[in-house]
């Protein structure tokens with residue numbers, strides 16, 4: 001990826017050859033570009049919640065490419081063996097990144113969605129619990145794994161996914177997400193669990 005300086009994307013020189021996409025003639029920071037393409041839906045799915053909608057980013061080829069480029073640059077530094085992603089928007093990011101990096105892709109799915117032998121882990125929600133699963137052959141002992149999702153809120157889902165890969169003696173080296181909501185404490189919990197955290201942008205509750 002051609003760059004003008006750290007964390008900048010030169011929009012006139014792209015390493016990802018998507019023909020027919022009109023590109024800006026001026027460099028922009030990838031974080032600014034990505035954040036500008038995320039839609040906030042207030043009061044959804046319930047009053048008081050600011051939902052950060054990444055479908056608008058997926059709909060913008062330049063911003064989506066910038067996100068995958070940024071993830072790929074960080075991924076290359078960590079010598080990842082397997083890309084994993086969390087159900088469901090994480091699959092869009094993880095699949096594109098695994099293709100870009102030429103790495104195996106493992107799914108972290110909601111309970112009952114995987115057909116083969118699985119490992120399961122419960123995690124807490126605001127009301128009650130939920131469960132995620134991975135296949136029992138999702139990784140080998142010693143594999144270096146990066147887990148991808150669209151957003152870090154409380155961190156519960158990503159921590160549960162981490163526990164599953166560690167049960168298989170995989171080495172989860174970090175997590176990557178488009179958005180961090182630091183006020184909810186998830187990124188701090190993930191770092192406390194020994195994980196590198198790479199978020200492309202942040203939102204405060206006031207934004």
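Read the figures in this text as sums done on the coordinates, not as results from a lab. Bear in mind the structure is a predicted one, so any value in this text is a computation, not a measurement. Because the Cβ atoms are built from the backbone with ideal geometry, glycine has one as well, and the counts that use them run over all protein chains shown.
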- Can you bin the chain into rounded, prolate or oblate? Criterion: square roots of the alpha carbon gyration tensor eigenvalues sorted a ≥ b ≥ c, rounded for a/c under 1.5, prolate for a/b above b/c, oblate for the rest. oblate
- Pair residue 136, residue 122: separation of 7 Å Cα→Cβ label points (nm): 2.2 nm
- Query: Once label points are set 7 Å from the Cα along Cα→Cβ at both residue 111 and residue 56, what is their separation, rounded to one decimal in nm?
  - Reply: 3.5 nm
- Under the rule rounded for a/c under 1.5, else prolate if a/b exceeds b/c, else oblate, using alpha carbon gyration tensor axes a ≥ b ≥ c, region 155-207 is classed as prolate
- Message: Let's test the formula: R0 of 41 Å, r as the Cβ-Cβ distance of residue 49 and residue 99. What FRET efficiency results, to the nearest 0.05?
- Response: 0.80
- Note on the structure: Dividing the helical contributions, -39500 (n - 2.57) per DSSP H run of n ≥ 4, by the residues of the chain yields a 222 nm value, nearest 500 deg cm²/dmol, of -8500 deg cm²/dmol
- Note on the structure: The relative contact order of region 83-207, taking Cα pairs under 8 Å that sit 6 or more residues apart, comes to a percentage of 22 percent
- Separation of region 54-111 and region 134-182 by C-alpha centroid, Å? 13 Å
- Could you list 110, 77, 206 in order of exposure, starting from the residue whose Cβ has the fewest other Cβ atoms within 10 Å? 206, 77, 110
- For 166, 39, ascending order of other Cβ atoms within 10 Å (fewest first) is 39, 166
